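Let me begin by presenting the structure, written as structure tokens, before commenting on it.
None of the figures in this text is laboratory data; all of them are computed from the coordinates on show. The structure presented is a predicted model; accordingly, all values stated were derived computationally and were not measured. Virtual Cβ from ideal backbone geometry, glycine too; neighbours counted across all protein chains shown.
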Amino acid sequence: MSQDRYHELVDLLNKYGREYYIEDSPSVSDSVYDGLNQELKELEAKHPDWVLPESPSQRIAPALKGGFEKYEHSQQMISLLDCFSDEEAKAWLERIAKLDNRVAGSKFFVDSKKDGLACALHYENGLLVRAVTRGDGQVGEVVTQNIRTIASIPIRLSSEHSFTRGFTEVRGEIIMTKDDFAKLNKARETAGEALFANPRNLAAGTIRQLDPRLVAARPLQFIAYDVLRNSESDIATTEDAYKTAKELGFLVSDAAHLEQDFDSVLKFARTFESSRNGLRYNTDGLVIKLNERELIKSLGTVGKVPRGAIAYKYPAEEATTVVKDIVISIGRTGAATPVAVFDPVVVAGTTVQHASLHNADEIERKDIRIGDTVVIYKAGDIIPQVQQVLKELRPNNSKKFRYEFELNRQFPELEFIRPEGEAVYRVKGATGPILLKRGLQHFASKGALDIDGMGEKNVDALVDAGLVEDFADIYKLTQEQIEGLERFAELSASNLVKAIADKKNPPLARFIYALGIRHVGSQTAVDLANNFKKLDNLGVATYEELKNVDGVGEIVAESILGWFVDDDNQELLAKFRRRGVWPQNVTHVGGKLAGKSFVVTGTLQNMSRDEAAEKIRQHGGIFQTSVAKGTTYLVMGSKAGQSKADKARKLDTEVIDEEKLLELIS
């Protein structure tokens, strides 16, 4: 990444910071901000001489705008260090254990990390006198009149408790539940009003309204997580703070509890990840604190981050990455689907590196270009999608993606049309059945799965009868279905069903070649199989990993990525699995011909050229179609032309006959 990229990140993150802290109207989610902020930190770690004074890492958040009285917190309202895995959490524990040996025997208090607005409530002799937003952690805004409208906040504390004497501060999170948010948006939709973006933004924006009546009309709640007193001895542990808050009449989180050791904390974190979606409010992780407050204090802080607590965050549902290329995939119906290829990024717990852009109109609407920084999310937590382009980070030499130009460049031998009223370009003159017939013939051919009885006319008959709609459908064919076709009798139908069943678990290389991935020939399929060992590994291979395979360049790598991201192809693979059809994993690579390459010319007496190629590959050799520099052997059969022999002599390639070949592969 260049220094210009670093400057752009600083400017953009400061803009997002103003939106978040000053205007309470962020234009991007926390996970998008976190992703860009992490990129900034990595650049600063690699290039400390680049660091600017105005970098978000070097300064406190901007001051709040006017409208409310400012108030300085008696104790800083802290931020927490984020971690995203068990390993990072353990590393935090090891660091603080080195600073204080009491950490080793400590208990831990765990709570959900709520997505709302932090606020401090001040009580004098039990009466609410002031409510202050978090602000920048040091100075917040007095929003007492608005806070008084929230029913879950007591105006006066329970008279039975001793903390009704003197000063008591209760800190917590102002939230809106998911159900209340949905009801509010439903009412606005009915009234024809604009919908709110999310509960967190709505809660924050509501508290900063100047009219308390508007606040009262919105169903906000306050969930307490801390209690402060002038005498620190009044509350010795984090657990005590929660118990006290509940006794004083506040809501506390159902997820809040004490764990006896750190292994139990991590076990709970894994369980909570799968159950958190059932909570009534939004959360993106857990807050983990040492239980002993004096120990937390003794460990101190780094900036505004305490050493004695941490936020354990779950994988983001959004992330940022850079589009490296846009390739076009041709599906089995002839539809041309654009696919964004980007730097691998973790979204919702899985690594993704490409996403469908659907059609030319979608690219135009979002103005997606190669080199753009984009926000990726998972639609329905499954399918990666490009949500938006961060145009502030667009390279200066950026150019619009010309869809028709790219169709002609990537597929010069094909002609495309866009039917009137449709958004999708399709191969001209190629309907779904025509493409399916061609694909099935290849799938069953001798070089691929070699299914006896699946020649051109039989394939046509199966497709025309509506018995087969994709490659996987041949594995559900029955003898009774086939017997009903004009070209088949009982024996031929039985033989075909058996021949198909015999090829349910073919060698990986043959299966890859049979899929008909554009630009992937039989030798490339062998190279891919030997390199990735499993079809699943090939399906998630990165652009760089593919390019590192011998014989796979940019065009082939793009074609493979495009094939595996196509929705039709993913459904095809799923159907294969459901029907018990899956290629064998490669368990051994090598053989007596490993590292040797062969070209066969002329007619062989004991085998066909395809059979010779198969035997060469079985023994680890490479089968080539033409003599090139580095070719080991040219096999001369009968009626062979002289041109290949002449080229072999010029390149010092050894010329052998069929007998010598049989000797090598016997």
### Message
Taking 2.2 N^0.38 Å as the expected size of a compact globular protein, what ratio does the Cα radius of gyration of segment 597-665 give against it, to two decimals?
### Response
0.99
### Task
Post the alpha-carbon centroid distance, segment 400-448 to segment 147-162, in whole angstrom.
68
### Query
How big is segment 401-455 by Rg and Dmax over its Cα atoms, in Å?
15.2, 45
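What is the percent of Cα-Cα separations in segment 318-424 that go past 25 Å?
Cα-Cα pairs of segment 318-424 separated by over 25 Å account for 22 percent.
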### Message
For a quick check: sort F443, F411 by the number of other beta carbons within 10 angstrom, fewest at the front.
### Response
F411, F443
### Query
log₁₀ I(q)/I(0) of segment 89-242 at q = 0.13, 0.18, 0.20 Å⁻¹, via Debye over equal Cα point scatterers, no solvent, to two decimals?
-0.73, -1.12, -1.25
## Note on the structure
Flagged as over-length at 28 Å C-alpha distance, from K186/K400; K107/K304; K313/K575; K596/K650; K534/K647, the pairs are K186/K400; K313/K575; K534/K647
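Of all GluC sites (Glu not before Pro) in segment 183-280, which ones are in loop regions per DSSP and have a Cβ with at most 14 other Cβ atoms within 10 Å?
The qualifying sites are E193.
Order of Y513, Y314 from fewest to most other C-beta atoms within 10 Å? Can you show the working numbers first?
Details: Y513 26, Y314 18.
If I rank by nearby Cβ atoms, fewest first, I get Y314, Y513.
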### Query
Per 10 Å bin, what is the whole-percent P(r) computed from every C-alpha pair distance within segment 485-582?
14, 43, 25, 12, 5, 0
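Summing +1 for each Lys or Arg and -1 for each Asp or Glu, what net charge is found among the other residues whose Cβ lies under 12 Å from the Cβ of L535?
Numbers: positive: R510, K533, K534, R577; negative: D536.
Every neighbour counted, the sum reads +3.
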#### Entry: Alpha carbon centroid spacing (whole Å) that separates segment 592-666 from segment 492-514
28
### For segment 139-208, convex hull of alpha carbons as volume per residue, Å³
125
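Among C83, C119, what is the fewest-to-most ranking by other Cβ atoms within 10 Å?
On the way: C83 18, C119 25.
Exposure proxy ranking, most exposed first: C83, C119.
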### Message
For the chain, report the % of Cα-Cα distances exceeding 35 Å.
### Response
58
#### Entry: Fraction of beta bridges assigned by DSSP in segment 70-313 that are antiparallel (%, nearest 5)
90
### Task
Could you pull out the trypsin sites (Lys or Arg not before Pro) across segment 457-508 that fall in loop regions by DSSP (anything but H, G, I, E, B) with no more than 16 other Cβ atoms inside 10 Å?
R487, K504
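Are there trypsin sites (Lys or Arg not before Pro) in segment 211-294 that DSSP marks as loop and that have at most 15 other Cβ atoms within 10 Å, and which are they?
On the way: sites: R213, R229, K243, K246, K267, R270, R276, R280, K289, R293; in loops: R280.
Answer by residue number: R280.
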### Query
Which Rg and Dmax, in Å, describe the Cα atoms of segment 390-529?
19.9, 68
#### Entry: For segment 3-58: span of alpha carbons on each principal axis (Å, largest first)
33, 20, 17
### Query
Evaluated at 4 °C with a viscosity of 1.567 mPa s, what Stokes-Einstein diffusion coefficient in µm²/s does segment 243-306 have when Rh comes from the Kirkwood expression over alpha-carbon pairs?
92
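In Å, what Kirkwood hydrodynamic radius results for segment 72-121 from the alpha-carbon pair distances? Write out the running numbers ahead of the final one.
Details: mean 1/r = 0.0729 Å⁻¹.
Hydrodynamic radius (Kirkwood, Cα only) of segment 72-121 equals 13.7 Å.
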